[in-house]
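A.B. asks: First, the structure itself, so that you have it in front of you.
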Amino acid sequence: MTCDEVKEQIADYLTGGLSRSAAGEWNAHLAHCAACKQEVEALAETWRLLGLLQQEQPGAAVRPRFYESLDAYRQGIESATPRPARRRFFDWGARGWMPAPIFQVAWSAALLMVGIGAGQWLTARDRNRSELARLENEVRHMRQMVTLSLLEQQSASERLRGVDYAYRVEQSDTQVLAALLHAVNYDPNVNVRLAAVDALRKFAGSPAVRSTVDRSLAKQESPLVQIALIDFIVDTNDKGATPSLEALERNPAVNKDVKERAVWGLSQLQ
Amino acid sequence: MPETRADNVLMQKVRDGDLAKMAVLFERHHHALFRYFLRLSGNRAASEDLVQDVFLRMLKYRHTYRDGNPFTAWMYQVARNAHLDSAQKRKSETPLDGEREGLHSEPASAEPDPGEILRRRQDLGLLRRALAALPLDKREVLVLSRFQNLKYEQIADILACDVGAVKVRVYRAVKALSQIFFDLAGEKAS
């Protein structure tokens, strides 16, 4: 075996993959080639040490995040799949045994025969209303899922889309609100944090929003986000945040522009 | 390998609409994927995000999975793309300095020697620094071969090259790592 052939087989040697015959030639070469022996020993030591590096485990939040994403994805697909109109708008439950064409003909006839079909018409109207309410609920649920799913994405632009989607959910949606508050405090991207602060205005009536914005003010490192939070406090006339603004003004480490904005904010709240 | 075959069957089911089967694949592979990303990036939070990203990508692009394709190779191809996209966005990789000094995976010693433990701890610290200093392509082939315990044939599938090329790359990567490691150790000793 030559020195080059030893180099070619080092990868197999490291993983214990040398054949018996190759191992014999390998050992014979190393017995008389000090350079190859030294190189192999150094690489084998490095390889061995690599095996001693700790195998880290992912955090506990990884699993629930995945399952939430998977559920959202599945529900998104199911919601996107069009259902037959008969089932969607005329789901009669226990009367579902009635074949569709016959039912439709009967329904048309009922509409034509005013008076005879009045009772049935009233019933159908109620059911249609209930179906519309169900559809509206489904759309609400879908928007919530899309928002939460986007806010979880790796890509900042996707998360921005998630913030944008948050404008379409109900003010009472606490899950989306929690995701936005989390984004304000912890999103690594400044643009997402800024957009999330803006989106919070929709939820400004919530006490949780005010207290989070108040606490976030001291934690934020980006002057842009701090200024956005001050503006939010002023716009919502949150006098409870006065001590936080005063603390910001006194803190020598705070950016000059932020301090000026805090002074302005305090004057507006008086 | 039965496990691999089962993975392939599960992925085929996912592709054909049984999305819930992705949960089984997640349970089998998310730890390994997390360690793959952590060894490449050194950033725990980013690695956890990338794990989510890989499984979402596999759901989104499930139609591209072909019968008979080894699932592991396909999954790591998706993972590589996710990491490359993420690295481009971050522009520069975070140094691998966020890890704890760990000796948990060391074989138990009958007589623990504090001096030996300290020396080993220092060695592992230097090794992490050396690994972080390695160019990404070399670090990647080492991560796949040493930490993910993939066979050279599987790595060849992932990297889209032949087995011989993988072996050459592994040799060059260990050699480069070894050089940086012993240089750092020399600096420390001098």
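A.B. asks: How high is the FRET efficiency between A:HIS141 and B:GLN122 when r is their beta carbon distance and R₀ equals 60 Å, given to the nearest 0.05?
C.D. replies: Working: r = 55 Å, r/R0 = 0.92.
It comes to 0.60.
A.B. asks: Okay, next question. Per residue of A:6-15, how many C-beta atoms from partner chains lie within 10 Å of its own C-beta, taken as a mean? Please list the in-between numbers first.
C.D. replies: On the way: counts 1, 5, 4, 2, 7, 14, 4, 1, 6, 7.
The mean count of partner-chain Cβ atoms within 10 Å per residue comes to 5.
A.B. asks: Enter the mean number of other protein chain beta carbons within 10 Å of the beta carbon of each residue in A:59-71, as an integer.
C.D. replies: 4
A.B. asks: If each of B:ALA6 and B:VAL24 carries a label point 7 Å out from its Cα toward its Cβ, how far apart are those two points in nm?
C.D. replies: 0.8 nm
A.B. asks: Towards the positive end of the charge dipole of the range B:128-185, with charges on Cβ (+1 Lys, Arg; -1 Asp, Glu), say which of B:GLN154, B:TYR171, B:ALA130 has the farthest Cα.
C.D. replies: Comparing the listed Cα positions along the dipole, B:ALA130 ranks first.
A.B. asks: Please sort B:17-29, A:183-195, A:223-235 by packing, taking for each peptide the average over its residues of neighbouring beta carbons within 10 angstrom, highest first.
C.D. replies: Going by the mean number of other Cβ atoms within 10 Å, highest first, we get A:223-235, A:183-195, B:17-29.
A.B. asks: Output the peptides B:49-55, A:237-243, A:198-204 sorted from most to least packed, where packing is the average of other Cβ atoms within 10 Å over each peptide's residues. Don't jump to the answer; show the numbers that get you there.
C.D. replies: On the way: B:49-55: 24.4, A:237-243: 14.6, A:198-204: 18.9.
Going by the mean number of other Cβ atoms within 10 Å, highest first, we get B:49-55, A:198-204, A:237-243.
A.B. asks: Using a Förster radius of 60 Å, what is the FRET efficiency between A:GLU8 and A:SER267 based on their Cβ-Cβ separation? Nearest 0.05, please.
C.D. replies: Details: r = 76 Å, r/R0 = 1.27.
According to the calculation, E is roughly 0.20.
A.B. asks: Now for a separate question. Excluding residues fewer than 8 places away in the same chain, name every one of the lysines whose C-alpha is closer than 20 Å to that of B:LYS21.
C.D. replies: B:LYS13, B:LYS60
A.B. asks: Let me ask something else about it. What does the extension gain come out to for A:ARG250 and A:ALA60, with contour length at 0.36 nm per residue minus their alpha carbon separation? Intermediate results must be reported in sequence, preceding the final value.
C.D. replies: On the way: separation 190, 0.36 × 190 = 68.40 nm, distance 3.89 nm.
So the chain would gain 64.5 nm between A:ARG250 and A:ALA60.
A.B. asks: Quantify how strongly other chains surround peptide A:184-190 by giving the mean number of their Cβ atoms within 10 Å of each of its Cβ atoms.
C.D. replies: On the way: counts 0, 0, 1, 0, 4, 1, 0.
That works out to 1 on average.
A.B. asks: Follow-up. Going by average Cβ neighbours within 10 Å, how do the peptides A:57-70, A:20-33 rank, with the highest at the top? Present the calculation step by step, with values, prior to reporting the outcome.
C.D. replies: Working: A:57-70: 14.9, A:20-33: 13.1.
Peptide ranking by packing, descending: A:57-70, A:20-33.
A.B. asks: In the range B:114-189, how many lysine pairs have Cα atoms under 16 Å apart, counting only pairs 8 or more places apart or on different chains?
C.D. replies: Details: B:LYS138/B:LYS167; B:LYS138/B:LYS175; B:LYS151/B:LYS167; B:LYS167/B:LYS175.
Qualifying lysine pairs in the range B:114-189: 4.
Bear in mind that the values in this text are calculations on the coordinates, not laboratory data. Everything numeric in this text was worked out from a predicted model, so none of it was measured. Positions of Cβ are generated from backbone atoms using ideal geometry, with glycine treated the same way; all protein chains shown enter the neighbour counts.
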